[in-house]
Each structure stands twice: as structure tokens, then as C-alpha cells.
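Data first, discussion second: the structure below is written as C-alpha cells.
The values are calculated or read from the model by the stated rules, or taken from the named source; none is laboratory data. What you are looking at is a predicted structure, and each value in this text was computed from that prediction instead of being measured. Because the Cβ atoms are built from the backbone with ideal geometry, glycine has one as well, and the counts that use them run over all protein chains shown. Remember, those area values only see protein heavy atoms, side chains included, never the ligands or the DNA or RNA. Shrake-Rupley method; radii C 1.70, N 1.55, O 1.52, S 1.80 Å.
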Amino acid sequence: MTTSFKLILGSSSPARREILADMGYQFTIVSPDIDEKAIRLEKPDDLVMALAHAKAEAIKRKLQDKCLSNKEVEGEPTLLITSDQVMVNRGMIREKPLNEQEGREFIKGYSGNFAVAVGYVLVTNLKTGVQKGEWDKPEIHFHEIPDEVIERVIKVREITNVAGGFRMEHPLAAPYVKEVVGAMDSVMGLPRELTKRLLEEALEDTSI
């Protein structure tokens, strides 16, 4: 896809990278490298928004440290995508589990129940300073997950090293997903339609 802007994905998530590439964009990746545990808010909506903004600020500082030339600043705009997501199950926020025990508790909570993937996508126009962000909240309903399956799953880092500790699209996990209310790319952390719209809005808004 040919665009009139440069694009940076502020995430090291393989899933987000895959989704953005599949949308046809060319982009570079800059990891924000922030301590997410240092930002604690009770409401999931507030937490994911704060983390997305913190990631954007961290990457902006990184780019400033690299001393972008005036030519780069004055040329075509650069758009930065940052986002965050947590799972909410039984009224509890579920981020990446710290260990196997926490991962086990998370998945037991999903069994025969449901979770909401509360996400926030933020697009920052680095040329104008305009920021556009919005929440996305797909709902995931689960079948009963047997204890022996849970014990297998918590040993596979590829499944547990995500928000909520249960990568839905993994072959070991997918059979226990009963229904997704919303888009699967939303569950994976980067909703396509929302991201595309925010990119367009960040380009068009000249209010700053």
C-alpha cells in the first residue's frame, strides 16, 4: 500500500505486527520499553488508555534522542500507533500472568465463563501533535476447559505471554473458545477498522 505518511508501530507484539502487515501497510517497529506495572489504575478503560499514552510518550522521547533531522520533521507526516489491552474476567483485570500459578488461575476463571478484551488504540501524528484514540471491547465466551488442558497450556509460553494469559488463536486454546462477540483481530490486540479510521483522523485533523 502506498501512503502519504510514514508509519511506526509502537509494539513488539507479533500479532499486532502481523495484523498491520496484512492490512497492507509498510511500517517500522519501535518498542516503547516501559515498565507497565508502574502504571496502576483500577478501571480497565483508564488503565489501557494510560498505558497507550505512556508508550507513545516513551517512543517520542526515543525518536527525539535519535535527533530526527529537520528534513524528516518537515516532510511527510509520521504516524505512531500504540495500544494496550487487558482481559477482564469476573470483575478482575487480567494482564500477562507473572507465573504459572497466576496463569492457571486466569484460565480457570475463563472456563465455562466469558471475558472482555478491553483494548485502546492510540494514533499520534508526530508532525502535528494530533492524537486520536478509542476503546475496543470484544467479548469472548469459553467452553469448559479441563484441568489437564490447563496444565498443558500454562507450560506453553507462546499461549500465556499475552494479556489475559490465553492466546485464543493457538491450536491448544482455540477449541475452547465458544464464541467471539466482535472481531478476532480485536481480540489479538489491533482492530483493523478502528486502526484504519484513527490513522485517517490523525492525518485529517489540523486543529493543533
- Message: Give the separation of the Cα centroids, the stretch 145-208 to the stretch 118-132, in Å.
- Response: 20 Å
- Note on the structure: For the stretch 118-180 the trypsin sites (Lys or Arg not before Pro) that pass both the DSSP coil test and the at-most-14 other-Cβ-within-10 Å test are Lys155
- Note on the structure: SASA check, Val123, accessible area w/ 1.4 Å probe, all protein chains in place, rounded to nearest 10 Å², comes out at 0 Å²
- Message: For the full complex of protein chains and a 1.4 angstrom probe, list Leu126, Leu190, Leu63, Leu41 by accessible area with the highest value first.
- Response: Leu41, Leu126, Leu63, Leu190
- Considering only protein heavy atoms, with the full assembly of protein chains and a 1.4 angstrom probe, order Glu179, Glu139 by accessible area, largest first. Glu179, Glu139
- Item | Exposure of His53 as accessible area (Å², to 10), given a probe of 1.4 Å and all protein chains | 60 Å²
- Item | Entries of Lys155/Lys196; Lys60/Lys196; Lys37/Lys60; Lys62/Lys96; Lys6/Lys137 with Cα pairs more than 32 Å apart | Lys155/Lys196
- Might you report the magnitude of the Cβ-based charge dipole of the stretch 1-147 about its Cα centre, with Lys and Arg at +1 and Asp and Glu at -1, to the nearest 20 debye? 400 debye
- Item | Exposure rank, largest accessible area first [Asp205, Asp147; 1.4 Å] | Asp147, Asp205
- Message: If I stretch the segment between Glu76 and His143 completely, what's the gain in nm (0.36 nm per residue apart, minus their alpha carbon distance), one decimal?
- Response: 19.3 nm
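Starting from 0.36 nm per residue, how many nanometres of slack lie between Asp45 and Gln26 once their C-alpha separation is accounted for?
3.9 nm
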- Note on the structure: Farthest towards the positive end of the dipole of the chain, among Phe114, Asn89, Ile29 and with Cβ unit charges of +1 on Lys and Arg and -1 on Asp and Glu, lies the Cα of Ile29
- Item | Chain lengthening between Ile34 and Asn113 when straightened (0.36 nm per residue, less Cα-Cα) | 25.2 nm
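Rolling a 1.4 angstrom probe over the protein heavy atoms, how many square angstrom per residue are accessible across the chain?
Here the per-residue accessible area is 52 Å².
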- Note on the structure: Computed over the chain: longest principal axis from alpha-carbon atoms vs helix 100-110 long axis, angle to nearest 10 degrees, is 80 degrees
- Förster radius 22 Å - calculated FRET efficiency between Lys62 and Ser4, Cβ distance, rounded to 0.05: 0.35
